[in-house]
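Just so it is clear, none of the values below were taken in a lab; they were calculated from the coordinates. Every value quoted in this text rests on a predicted model; they were computed, and no experiment measured them. Every residue, glycine among them, receives a Cβ derived from its backbone with ideal geometry; neighbour counts consider all protein chains shown.
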Amino acid sequence: MDHREYIRFVTGADTAVLMIHGVNNTPRHFDRLVSRITDTVTVCNILLKGHGGTVRDFSKATMRDWHEQVSGWLTRLSDTHRRVIVVGYSLGSLLTLANVGRFPSVSGLLLLNPPLYPKVTPSILWSNLKACFGIVNRADPVEAARYDSIGTAMEPWLWKYLLWIPNLLSLVRLASRCRPLAAACGRCFVLVSAKDELVKPRSRTCFEANPQADVRVFENSGHCFYEPAFWEHAEACLDALLKAEE
């Protein structure tokens, strides 16, 4: 799969959309949303450092790298656009919450499965283990979605993944830091999967104190596999944020 980022700067555009994917994920996660954005809007669907390459590439990146990357893009877009919309998935949601408070130009957020209380289930561990060996059951849409969401060239040498542990622990610490930020992040649409294999249900409660948060739960969606209504609602939310900028 082509994991390259998609950058489209529009000279004189009033609005920019910044998209931030998840851990070991890919900018391709947002393809459906990118296709809805008109050519009058700047789009930056970025590739986080260490993604889109090898297992070793991922282990060499750090959470600091990702923060600096997101902050740098927010600075650049805020300097050149009146308003910025941020779309974040999983880790991208956490990086969004951790950084947008310093940028008044950010006018709205669309957060997909924010892991404010992360967890790990046996089913996704098993899927990831099989992915290391290139094994996927295409007849199972959930497993296929998990496999297709991977943004690294997986390898069968399992010891290499031990070097991922620092980044995964950093993600857990970031989730803890972001919980109180959810109540003060301004206007946001939050989409939550009831069958999420990596996010505890109470993550959504972090947004209860935010009067500008619109939280919707999708009963038949997981962390990577979404029922049709999930994407349809994500599209409607993005449309609403873009329309508000007109």
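Quick notes
- For region 28-70, the set of residues classified as among the polar types (S, T, N, Q) and either within 15 Å of the chain's Cα centre (by Cα) or farther than 23 Å from residue 97 by Cα (or both) consists of 35, 38, 40, 45, 54, 59, 69, listed by residue number.
- Residue list for region 26-46, restricted to those being in a loop (DSSP other than H, G, I, E, B), hydroxyl-bearing (Ser, Thr, Tyr) and either more than 26 Å from residue 164 (Cα to Cα) or in contact with a Pro (Cβ under 8 Å, 6 or more places away or on another chain) (or both): 35, 38, 40
- Candidates 10, 23, 17, 70, filtered to the one that is among the β-branched types (Val, Ile, Thr) and part of a strand (DSSP E or B): 17
- Filter pass, residue 237 being within 28 Å of residue 3 (Cα to Cα), touching a strand residue (DSSP E or B) at 6+ places or on another chain (Cβ under 9 Å) and touching a residue at least 60 places away in the same chain (Cβ under 8 Å): yes
- Condition check for residue 127: polar (S, T, N, Q) and under 18 Å from the mean Cα position of the chain (by Cα): no
- Scan of region 218-246 for residues that are among the aliphatic types (A, V, I, L, M) and buried (at least 17 other Cβ atoms within 10 Å of the Cβ), ordered by number: 234, 238, 241, 242
- Residue within region 186-197 that is farther than 19 Å from residue 22 by Cα, in a helix (DSSP H, G or I) and touching a residue at least 40 places away in the same chain (Cβ under 8 Å) present: no
- As a summary of the residue check, residue 215 satisfies the conditions (1) farther than 28 Å from residue 127 by Cα; (2) buried (at least 20 other Cβ atoms within 10 Å of the Cβ); (3) not hydroxyl-bearing (Ser, Thr, Tyr) except for the one numbered (2).
- Close pairs from region 73-98: first in a helix (DSSP H, G or I), partner among the charged types (D, E, K, R), Cβ under 8 Å, at least 6 apart: 74/102; 98/177
- Some residue of region 51-62 being closer than 25 Å to residue 197 by Cβ, touching a Ser or Thr at 6+ places or on another chain (Cβ under 7 Å) and in a helix (DSSP H, G or I): yes
- Residues of region 137-172 that are more than 20 Å from the chain's Cα centre (by Cα) and either under 20 Å from residue 227 (Cα atoms) or among the charged types (D, E, K, R) (or both): 137, 138, 139, 140, 141, 155, 160.
- Taking (1) in contact with an Asp or Glu (Cβ under 7 Å, 6 or more places away or on another chain); (2) exposed (fewer than 14 other Cβ atoms within 10 Å of the Cβ); (3) in a helix (DSSP H, G or I) in turn, residue 124 satisfies each apart from (2).
- Some residue of region 224-234 being in a loop (DSSP other than H, G, I, E, B), within 21 Å of residue 31 (Cβ to Cβ) and among the charged types (D, E, K, R): yes
- Selection within region 133-176: residues that are of a type in the set (Ser, Thr, Tyr) and assigned to a loop (DSSP other than H, G, I, E, B). The member of this set that is farthest from residue 193 (Cα to Cα) is 152.
- Only one of the numbered conditions (1) surrounded by 16 or more Cβ atoms within 10 Å (Cβ to Cβ); (2) of a type outside the set (S, T, N, Q); (3) in contact (Cβ under 8 Å) with a residue 60 or more places away in the chain is not met by residue 56, and that is (1).
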